[in-house]
Amino acid sequence: MGFARVTMKRAALGLFSAQAVVIAGLVAVDTYQKRQRRKRPGFPQPGTFHTRIADTDTTVYTYGEDLFDAMIAAIDRAEHQVLLETYIWKGDEVGARFRDAVNRAAERGVKVFVIYDGFANLVVNPFFYAWHPRVNAYRFPVLRPSIVFTNIRGTGFDHRKVLVVDDEVGFVGGYNIGSLYATKWRDTHLEIRGPSVWELREAFAGFWNLRAIPRRPELPDLSASFWEPRIRAVNNIPANLVFPIRGIYLDAINRARHHIFITTAYFIPDRQILDALLRASRRGVDVRVILPEDSNHVVSDWLSRGFYSSLIGAGVQILLYQNSMIHAKTATIDGEWSTVGTANIDRLSLTGNYEINLEIFDRALASTMERIFEVDSSNSRVLSKEEWDSRHLVARVSEAILAPLRPFL
Ligand SMILES: O=P(O)(O)OC[C@H](O)CO
């Protein structure tokens with residue numbers, strides 16, 4: 001018994017050490033390569049697309065500058081209320097534009113509520129977040145009391161990116177707030193105008209009211225004035241132990257007959273999501289996944305690589321986005337179903353964080369998402385089986401050493 005325990009301890013220690021060496025090596029190489037990345041030529045911009053779904057107008061943004069201009073303009077036009085929630089809120093020029101816009105709104109009497117994640121913004125000087133006294137700001141804490149008591153309901157980051165103005169216009173998608181994202185990263189966000197804005201307003205209010213904090217005003221609980229099944233917000237709420245975004249992905253993938261086009265910044269699927277994709281491909285569905293060849297998280301890239309053999313083996317097309325970070329979290333299936341939101345295809349997003357995706361059943365919107373996927377594909381290279389099978393032994397060993405880390409990302 002004693003011998004077995006010592007052997008297991010040594011094996012675990014050996015694995016941790018090997019993982020530390022691999023991660024240190026990857027980070028060192030990545031740091032060197034980042035210098036080259038600064039000279040990247042950029043990426044093709046798919047454009048901005050408008051569609052009407054029932055009584056709601058939708059606009060898909062694929063370029064940060066355009067999106068940020070539209071969001072700031074919406075805040076500047078606000079008459080009653082601004083609800084702004086973001087994971088990252090950088091203390092740079094774009095971050096300051098948003099801060100100043102919400103402060104201006106509060107100054108002219110608009111009710112302003114902002115939420116930003118404490119963990120994601122640890123590196124930002126706290127003095128940057130200088131709010132007008134009438135701004136209701138909530139920095140979602142890194143450490144919550146329930147975490148100390150190892151209650152799973154107390155875990156998770158606020159990974160959502162939502163703006164709702166006057167309950168009339170709403171925005172949701174992958175874009176965080178920061179200058180880098182304005183021009184350097186390819187991402188996708190959706191603007192909606194009309195009754196379906198309730199979906200985003202309800203999500204924001206639900207999160208805001210989740211924890212009663214003294215002196216923080218509650219947002220009123222409003223019923224929807226309609227039952228519109230074509231646009232639905234799907235919210236992961238760790239505090240309630242509900243993670244339905246994973247469910248809508250599984251359902252849509254299992255339903256697929258013709259094609260599944262997924263774009264994701266980080267791709268570390270759990271067993272069921274992976275299995276659903278493999279089964280879809282094996283039954284003849286055209287399954288394609290766009291992900292960055294070099295994302296901003298080198299360890300995440302290398303964890304993704306651990307899935308390539310089974311995916312390519314089953315006929316899934318892996319498209320590696322070139323010369324830029326692609327940060328979109330979107331999927332479109334069979335020309336019928338699409339989703340745009342904040343959840344990556346990894347465990348952190350699908351079973352860990354506060355997330356929000358819009359699930360949309362509309363052919364015109366699906367066709368737009370396919371067009372965007374086509375443009376992004378033109379800036380991606382297909383990873384062939386030959387290339388993948390001939391990768392270096394060191395790469396294979398590194399993938400195997402890192403594989404046990406998958407459940408943590
Ligand atoms: O967490 P996301 O998907 O918003 O991406 C943010 C970047 O990874 C931050 O490094």
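Can you tell which of 215, 134, 144 shows the greatest fluctuation in a Gaussian network model of the chain with Cα springs below 10 Å?
215
Taking the Cα centre of the chain as origin, work out the dipole magnitude from +1 charges on Lys and Arg Cβ and -1 charges on Asp and Glu Cβ, in debye rounded to 20.
The dipole magnitude comes to about 1500 debye.
Shape call for the stretch 281-341 from the C-alpha gyration tensor, a ≥ b ≥ c root eigenvalues: rounded (a/c under 1.5), prolate (a/b greater than b/c) or oblate?
Because a/c hits 1.5 or more and a/b fails to exceed b/c, the stretch 281-341 counts as oblate.
Quick check on the chain: helices-only [θ] at 222 nm, where DSSP H runs of length 4 and up contribute -39,500 (n - 2.57) each and the sum goes over total residues. Nearest 500, please.
The per-residue figure over the chain is -12500 deg cm²/dmol.
Given the options 197, 242, 234, which has the most mean-square fluctuation in a GNM of the chain, springs set between C-alpha atoms less than 10 angstrom apart?
Top of the fluctuation ranking is 242.
By how many degrees, 0 to 90 and rounded to 10, does the Cα axis of helix 298-313 deviate from the longest principal axis of the chain?
For helix 298-313, the angle is close to 70 degrees.
Which one, 332, 210, 14, is farthest towards the positive end of the dipole of the chain when Lys and Arg carry +1 and Asp and Glu -1 on their Cβ?
Going by the charge dipole, the pick is 14.
Which of the aspartates and glutamates could be linked to residue 111 by a straight reach, that is with a Cα gap under 17 Å, when you skip same-chain ones fewer than 8 residues away?
76, 79, 85, 100, 166, 167, 168, 202, 218, 221
With an 8 Å cut-off on Cα pairs and a minimum separation of 6 or more residues, tell me the relative contact order of the stretch 116-155 in percent.
40
Find, among the chymotrypsin sites (Phe, Trp or Tyr not before Pro) in the stretch 191-279, those assigned to loop by DSSP (not H, G, I, E, B) with at most 16 other beta-carbon atoms within 10 angstrom.
Those satisfying the criteria are 226, 227.
Let me spell out the model: positive unit charges on the Cβ of Lys and Arg, negative unit charges on the Cβ of Asp and Glu, origin at the Cα centre of the stretch 254-386. What dipole size does that give, in debye rounded to 20?
About 400 debye.
In nanometres, what is the gap between the two model label sites at residue 394 and residue 130, each 7 Å from Cα along Cα-to-Cβ?
4.9
Enter the angle in degrees (range 0 to 90, nearest 10) between the Cα long axis of helix 393-402 and the first principal axis of the Cα atoms of the chain, meaning the one along which they spread out most.
50
Angle check, please: helix 197-208 long axis (alpha carbons) against the longest principal axis of the chain (alpha carbons), in degrees 0 to 90, nearest 10.
Computed tilt is about 80 degrees.
Using a 1.4 Å probe on the protein chains only, how many percent of the accessible area of the chain belongs to carbon and sulfur?
57
I'd like the GluC sites (Glu not before Pro) in the stretch 162-265 restricted to DSSP loop residues with at most 14 other Cβ atoms within 10 Å, sorted by number.
Loop-located and lightly packed - 218.
Mind listing which trypsin sites (Lys or Arg not before Pro) in the stretch 13-87 are in a DSSP loop and have 16 or fewer other Cβ atoms within 10 Å?
38, 39
On average, how much accessible surface per residue is there in the stretch 1-83, in Å², for a 1.4 Å probe, leaving out ligands, DNA and RNA?
Ligands and nucleic acids excluded, the result is 63 Å² per residue.
GNM, the chain, Cα, under 10 Å: largest mean-square fluctuation among 15, 163, 319?
It is 15.
Which whole-number percentage describes the relative contact order of the chain, with Cα contacts under 8 Å and a sequence gap of 6 or more?
18
Averaged per residue, what accessible surface does the stretch 244-408 expose to a 1.4 Å probe, in Å²?
37
The values are calculated or read from the model by the stated rules, or taken from the named source; none is laboratory data. Small disclaimer: the values here were computed from a predicted structure and weren't measured. In this analysis, Cβ positions are derived from the backbone assuming ideal geometry, glycine residues included, and neighbour counts consider all displayed protein chains. Heads up: the accessible areas ignore ligands, DNA and RNA and are worked out on the full protein's heavy atoms, side chains in. Shrake-Rupley method; radii C 1.70, N 1.55, O 1.52, S 1.80 Å.
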